[in-house]
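Peer 1: Below is one structure. I have some questions about it.
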Amino acid sequence: MIPKPLHFRFIFNSPLLLLFLFCSLQVTKAQDDDVVRVSTNLVVLNVTVTNNDGDYVKGLKLKDFKIFEDGKEVTPSTIASFSFQESPYAAVVLLDSSGSMESRFSLARSAAIRFLDGLRDEDVAAVYRFDSKVERVQQFSGGRDLAPMAYTIRAKGMTTLNDAIVEASNVLATRTEARKAIVVLSDGMDTSSKASSKKAVESALSIGASIYAVDMSALETPGVANRQSAASLKEFAEKTGGRFVATPGGPALRDAFTGIAQELGQQYTISYRPENQTRDGKWRTLEVRVAREDASVRTRKGYRLGKN
């Protein structure tokens with residue numbers, strides 16, 4: 001059994017002690033698989049590992065993982081923490097209420113209810129809608145029901161998907177849960193955002209949030225527009241280590257939301273201190289490998305260390 005992460009409580013009654021701890025706090029437990037350090041400039045990876053049958057792989061040790069940054073293996077001495085636990089998560093559900101979703105909004109709303117129904121006691125979720133603007137429907141809570149406001153929404157206006165993801169990232173940045181997720185139900189066609197898709201992805205990556213995207217356009221007859229929307233949503237999911245759901249209807253939708261809720265609670269979390277601490281704003285690619293032939297790994301594709 002992998003030990004649960006340690007929790008610490010400090011009483012700051014000395015300015016000197018406060019300054020010291022603020023600058024450098026490091027606590028190390030002497031087991032291979034329970035290393036706990038607190039520092040700055042850490043890259044945090046939430047890693048999903050599944051086998052060929054799609055089942056979650058549990059019981060892996062730190063030594064079973066290899067992390068590569070820009071193709072170079074991260075040295076074990078830079079690993080700051082490793083854990084696997086059924087952690088609480090905070091999620092933001094984004095409902096596309098733009099005009100293009102008019103015939104599908106009721107299904108999207110039902111899907112949101114399905115997701116909320118899968119919350120555990122310790123999990124929380126907020127719900128936002130987006131069309132020509134981004135608007136909160138309900139704040140973070142463990143409630144299983146949508147707020148009454150959700151039933152008065154009418155699909156209209158343009159689509160600000162990128163802006164909605166940026167807003168979701170901003171509100172999730174205030175949460176303390178170990179896992180963070182953005183669940184998007186949309187036809188994927190952004191038509192009116194101020195933010196670019198690049199900005200949307202990087203805002204999610206900056207707070208360690210994975211994007212789970214359900215392509216509502218898959219209900220329509222396949223076409224060029226649908227392929228473009230699917231590609232956009234798929235890119236959000238792949239770059240942030242989330243999941244893209246191409247078939248939103250019926251049992252597939254139900255199973256997808258059950259799987260998302262399960263996945264968020266069963267991930268490995270690994271953090272490390274990059275050897276290259278240059279704040280140049282350049283994109284750094286990430287890859288995680290597991291020493292098992294039947295294992296598939298999903299996590300964020302990279303990060304940027306912001307400029308000073």
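Peer 1: How about region 60-90: which of its residues are buried (at least 19 other Cβ atoms within 10 Å of the Cβ), over 24 Å from ARG304 (Cβ atoms) and over 20 Å from the mean Cα position of the chain (by Cα)?
Peer 2: If the condition is that a residue be buried (at least 19 other Cβ atoms within 10 Å of the Cβ), over 24 Å from ARG304 (Cβ atoms) and over 20 Å from the mean Cα position of the chain (by Cα), then LEU60, LEU62 are the ones that fit.
Peer 1: Identify, by number, the condition in (1) in a loop (DSSP other than H, G, I, E, B); (2) within 19 Å of ALA200 (Cβ to Cβ) that LEU286 doesn't meet.
Peer 2: (1)
Peer 1: Separate question: Consider region 45-87. How many of its residues are of a type in the set (A, V, I, L, M, F, W, C) and over 26 Å from PHE244 (Cβ atoms)?
Peer 2: Summing the residues that are of a type in the set (A, V, I, L, M, F, W, C) and over 26 Å from PHE244 (Cβ atoms) in region 45-87 gives 5.
Peer 1: So, in region 120-156, how many residues would count as being of a type in the set (Ser, Thr, Tyr), buried (at least 19 other Cβ atoms within 10 Å of the Cβ) and over 16 Å from ALA91 (Cβ atoms)?
Peer 2: The total comes to 0.
Peer 1: I'm trying to understand the selection: among the residues of region 236-267, which are hydroxyl-bearing (Ser, Thr, Tyr) and within 13 Å of the chain's Cα centre (by Cα)?
Peer 2: Scanning region 236-267 gives a single hit, THR240.
Peer 1: Which of the residues spanning region 110-139 are farther than 20 Å from VAL171 by Cβ and either assigned to a loop (DSSP other than H, G, I, E, B) or touching a strand residue (DSSP E or B) at 6+ places or on another chain (Cβ under 9 Å) (or both)?
Peer 2: Within region 110-139, ALA111, GLY118, ARG120, ASP121 qualify.
Peer 1: Applying the selection to region 140-185, what residues are part of a helix (DSSP H, G or I), touching a residue at least 60 places away in the same chain (Cβ under 8 Å) and of a type in the set (Gly, Ala, Ser)?
Peer 2: ALA164, ALA168
Peer 1: Being more than 15 Å from ALA178 (Cα to Cα) and part of a strand (DSSP E or B) is the filter here; which residues of region 256-282 pass it?
Peer 2: Selection gives TYR272 alone.
Peer 1: Using beta carbons and a limit of 7 Å, which pairs, at least six apart or on different chains, have the first residue in region 60-83 and farther than 19 Å from ARG298 by Cβ and touching a residue at least 24 places away in the same chain (Cβ under 8 Å) and the second one among the small types (Gly, Ala, Ser) and not in a strand (DSSP E or B)?
Peer 2: ALA80/SER39
Peer 1: Now, a different point. Would you point out the residue of region 215-237, among those that are in contact with a strand residue (DSSP E or B) (Cβ under 7 Å, 6 or more places away or on another chain) and at pLDDT 90 or above, that is nearest to LEU95 (Cα to Cα)?
Peer 2: Checking each candidate, the answer is LEU233.
Peer 1: Looking only at region 193-206, decide whether some residue is surrounded by fewer than 17 Cβ atoms within 10 Å (Cβ to Cβ), modelled with pLDDT of 90 or more and more than 21 Å from TRP283 (Cβ to Cβ).
Peer 2: yes
Peer 1: When the residues of region 292-308 are narrowed to those that are at pLDDT 90 or above and hydroxyl-bearing (Ser, Thr, Tyr), which ends up surrounded by the most Cβ atoms within 10 Å (Cβ to Cβ)?
Peer 2: Ranking the qualifying residues of region 292-308, first place goes to THR299.
The values are calculated or read from the model by the stated rules, or taken from the named source; none is laboratory data. Keep in mind that this is a model prediction, so the values were computed, not measured. Neighbour counts run over all protein chains shown; Cβ positions are idealised from the backbone, glycine included.
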